[in-house]
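The values are calculated or read from the model by the stated rules, or taken from the named source; none is laboratory data. No experiment lies behind these values; they were computed from the predicted model shown. Here the Cβ is made from the backbone with ideal geometry for all residues, glycine too, and neighbour counts use every protein chain on show. The accessibility values were calculated without ligands, DNA or RNA, using every heavy atom of the protein model including side chains. Shrake-Rupley method; radii C 1.70, N 1.55, O 1.52, S 1.80 Å.
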Amino acid sequence: MHVVISGSSGLIGGALASSLLADGHRVTRLVRRDPQTRADGSDEARWDPRAGAVDPAVLDGADAVVGLAGAGVGDRRWTVRYKREIHDSRVRGTTALAAAIGGCEKPPPVFVSGSAVGYYGETGEAVVDESAAPGDDFLAGVCQDWEAAAEGARAAGTRVVTTRFGIVVSPRGGAMGRLLPLARAGLGGRLGSGRQYWSYISLPDTVRALRHLIDTESVGGPVNMTAPHPATNRDITATIGRTLHRPTILPVPGFALRLVLGEFADGILMSQRVVPGRLLESGFVFEHPTFEDALSSAVH
């Protein structure tokens, strides 16, 4: 296959590119600088997501386009300006990819575009699958606009899959990339009440699921990228402590998180009990269905 990936410098995109290359597929990475020759054998092509500029010739005839680019949600404090960056980096880039797909003589048969479980907002203890309504907070709005931008590729006859990612369990990035070093230092207590559900997925299952979605022609629309057994923050904290042999006694109060992180803390304290209905229906089998499985794969 030939797969074009935006966001290949990130945790998920990089792992997906490496997996495809290891199996002998061709990968083109969309980059915002001048293209360079890469030692791993992948190609590079320039794009400008801010300006909405993608040369359709880069995508023409590809077997899949995977859009994963976007400013890190937890990278900075949420100022008005950075919230705009979180939104626009996703929506403008995705709009550009969808438009470029529409300009292809031979459009890619599938466009797998990123999204997040933030789509659902606060769900409490309710079990949520892809049929649930969206939330009404900032991240829910971002996800709705992000997914709507991808829909433009359907006009070219391209199958569109919007992948709603949960927390990817990896020490190399994302939320767990920040939490695991704290836990190793003995600072891994529960966050807030600890009763909030977190929906997670191991990095290997993330890559396998993305490749499954590329290959499975019957799947389109939203797909929850989460393991089948969401867990509370209290249980996740206990599992981390048990696995790393570190104490997890001291909790971090919600007000302290808000002082340090601002509005972003609300996403950490929010409960989202999201399950992968469509992945399971399509025959996908998780290698790491529980948090203990996912954590063990990440730290061992």
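Worth pointing out:
- Residue-span extension gain [SER9 to ARG172] - 0.36 nm each, minus C-alpha spacing: 57.5 nm
- In segment 79-184, the C-alpha radius of gyration followed by the widest Cα-Cα span (Dmax) gives 16.0, 52 angstrom.
- Exposed loop sites here mean GluC sites (Glu not before Pro) with a DSSP loop assignment and at most 12 other beta-carbon atoms within 10 Å; the chain contains its longest site-free run at 1-104.
- Solvent-accessible surface of the chain, taken per residue with a 1.4 Å probe and all protein chains present: 44 Å².
- Summed side-chain charge close to ARG81 - residues other than ARG81 whose Cβ falls under 15 Å, Lys, Arg +1, Asp, Glu -1: +1
- 10 Å Cβ shell holding at most 16 others, DSSP loop, trypsin sites (Lys or Arg not before Pro): longest site-free stretch of the chain: 196-300
- Dimensions (Å) - the chain, Cα atoms, principal axes, largest first: 59, 40, 38
- Once the Cβ-Cβ distance of LEU250 and ASP63 is raised to the sixth power relative to R0 = 51 Å, the FRET efficiency obtained is 0.55.
- Put a plus charge on the Cβ of each Lys and Arg, a minus charge on the Cβ of each Asp and Glu, and nothing anywhere else: the dipole of segment 125-174 about its Cα centre is then about 380 debye.
- Model label sites at ARG38 and SER19, defined 7 Å from Cα along the beta-carbon direction, differ in position by 1.6 nm.
- Alpha carbon centroid spacing (whole Å) that separates segment 254-300 from segment 152-224: 7 Å
- Take the Cα of LEU259, step 7 Å toward its Cβ, do the same at MET1, and the gap between the two points is 4.9 nm.
- Shape call, segment 152-227: gyration tensor on alpha carbons, a/c limit 1.5: prolate
- Summed residue charge, Cβ within 13 Å of ASP215's Cβ, Lys/Arg positive, Asp/Glu negative: 0
- Label point distance in nm, ARG242-VAL285, each placed 7 Å from Cα along Cα→Cβ: 2.6 nm
- When only alpha carbons of segment 46-99 are considered, Rg and Dmax amount to 12.8, 41 Å.
- Residues considered: GLY241, GLY70, GLY24. Largest GNM mean-square fluctuation over the chain, using C-alpha springs under 10 Å, is found at GLY24.
- Carbon/sulfur fraction of accessible area - segment 23-76, other protein chains in place, 1.4 Å, %: 41 percent
- Here the chain is treated with +1 on each Lys and Arg Cβ and -1 on each Asp and Glu Cβ, and its dipole about the Cα centre works out to around 1020 debye.
- Computed accessible area, THR95, all protein chains, 1.4 angstrom probe, square angstrom: 70 Å²
- When you restrict to C-alpha pairs under 8 Å that are six or more residues apart and normalise by the size of segment 40-162, the relative contact order lands at 30 percent.
- Projecting the Cα atoms of VAL127, GLY114, ALA140 onto the charge dipole of segment 79-147 (Cβ charges, centred on the Cα centre) puts GLY114 farthest toward the positive pole.
- Linear extension gain, ARG50 paired with SER297, 0.36 nm per residue minus alpha-carbon span: 85.3 nm
- If you run the Gaussian network model on the chain, springs between alpha carbon atoms under 10 Å, then out of LEU269, LEU30, LEU261 the most flexible one is LEU261.
- Using C-alpha pairs under 8 Å with a sequence gap of at least 6, the mean separation divided by the residue count of segment 202-276 gives a relative contact order of 41 percent.
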